[in-house]
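Report on the following structure.
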Amino acid sequence: MKIVRYAFGGAVAVGVLQAERVFPVRAASLAQALAASLAGRLEVDRSGALPLADVELLAPVEPHNKVLAVALNYEGHIRESAQSRPERPIVFLKPFDALVGSGTAIQKPAVTDKLDYEGELALVMGRDCYQVAPEDALSYVAGITSFNDMSARDLLRVKAGNNEMLDWFSSKCLNAITPVGPAVVTLDEIGSRLRDQDITVVTRVNGREVQRASIADMIFDVPALVSFLSSRVRLRPGDIIATGTPPGVGASTGQFLKAGDTVEVDIAPIPVLRNTIV
């Protein structure tokens, strides 16, 4: 099942995407729909189908939800970034205002000359989750979606006297630069592949493949990430965990995004996340 958050007729609603149509669901919010899906109780209104072309797909996350992003979670990306392997997950928060849906044109922020892509697999939670063991972690995940952690590379480091500090806020949280979606593929469709780590993250810029990696290459796997984060904060239905980017980012070659570039994050069976820089 592919759950979407969409705008139609001036209202925001939740539905299921199937065969180029969106079917409304009987849930007051995305979080409720995800929880119902995980419990096998999501009701779909088959009589109210809308053509996909008539709706605007929004980022599948709501303003009250947390968006937690993991840094340096692939060995190859650590090497290309000239960093050291972390002993535990490095995590930062993304504000809701940073997020956009698939198909949204991204205005290149004036404050950066080095806007970069980072294709990632994102987990979407379906149950309240606090202090869970790794072996139980997957039972709290409702599904997966695609995530493009666009970053302003020239804003990440800031001088503080003789020291150099990391400014995650300026680099990672700029307004409307982080595409998410377009759908949450639920565990009934993807569960076995997620457990077996049989998922590949592919990123393309203007049709040219720039990133490809299996999630089996992650340093901290999905159960470890969910368990770690739940040891620090309570995770709730609809919260997102972006699991880190594989090697191949633009910073490794000095090729940054410019107006007219189109970035695609392709993680089958999620529909392709596609955005153009303007």
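Out of the residues in the stretch 241-278 that are among the hydroxyl-bearing types (S, T, Y) and modelled with pLDDT under 95, state the one that is surrounded by the most Cβ atoms within 10 Å (Cβ to Cβ).
Restricting to residues being among the hydroxyl-bearing types (S, T, Y) and modelled with pLDDT under 95, the top hit is S252.
Kindly list, by first and then second residue, each pair from a residue in the stretch 142-169 that is more than 26 Å from L30 (Cβ to Cβ) to a residue that is surrounded by fewer than 12 Cβ atoms within 10 Å (Cβ to Cβ), limited to pairs with Cβ atoms under 6 Å and residues at least 6 apart or on different chains.
Cβ pairs passing all conditions: R157/E164; V158/M165.
Pick from the stretch 115-152 the residues that are within 18 Å of T262 (Cβ to Cβ) and either more than 19 Å from the chain's Cα centre (by Cα) or aliphatic (A, V, I, L, M) (or both): which of them is surrounded by the most Cβ atoms within 10 Å (Cβ to Cβ)?
Among those residues, the one meeting the criterion is M150.
Suppose the filter is touching a Gly at 6+ places or on another chain (Cβ under 7 Å), closer than 27 Å to Y6 by Cβ and polar (S, T, N, Q); does T243 pass it?
When the stated conditions are applied, T243 does not pass them.
Select from the stretch 66-89 the residues that are surrounded by fewer than 21 Cβ atoms within 10 Å (Cβ to Cβ) and within 16 Å of the chain's Cα centre (by Cα) and write down the one among them that is nearest to G254 (Cα to Cα).
Checked the stretch 66-89; the qualifying residue nearest to G254 (Cα to Cα) is L72.
Kindly indicate the residue of the stretch 206-217 that is in a strand (DSSP E or B) and touching a helix residue (DSSP H, G or I) at 6+ places or on another chain (Cβ under 8 Å) and also surrounded by the fewest Cβ atoms within 10 Å (Cβ to Cβ) among those meeting that condition.
V210
Do we have I277 as farther than 25 Å from R79 by Cα, among the β-branched types (V, I, T) and within 16 Å of the chain's Cα centre (by Cα) here?
no
How many of the residues in the stretch 230-240 are closer than 23 Å to A59 by Cβ and surrounded by fewer than 16 Cβ atoms within 10 Å (Cβ to Cβ)?
Here the count works out to 2.
Using beta carbons and a limit of 9 Å, which pairs, at least six apart or on different chains, have the first residue in the stretch 69-89 and under 21 Å from A122 (Cβ atoms) and the second one assigned to a loop (DSSP other than H, G, I, E, B) and among the basic types (K, R)?
Short answer, once both residue conditions are applied: L72/R85; E75/R85; I78/R85.
The values are calculated or read from the model by the stated rules, or taken from the named source; none is laboratory data. The model shown is predicted, which means the values in this text are computed figures rather than measured ones. Note that each Cβ is placed from the backbone with ideal geometry, even for glycine, and that neighbours are counted across all protein chains shown.
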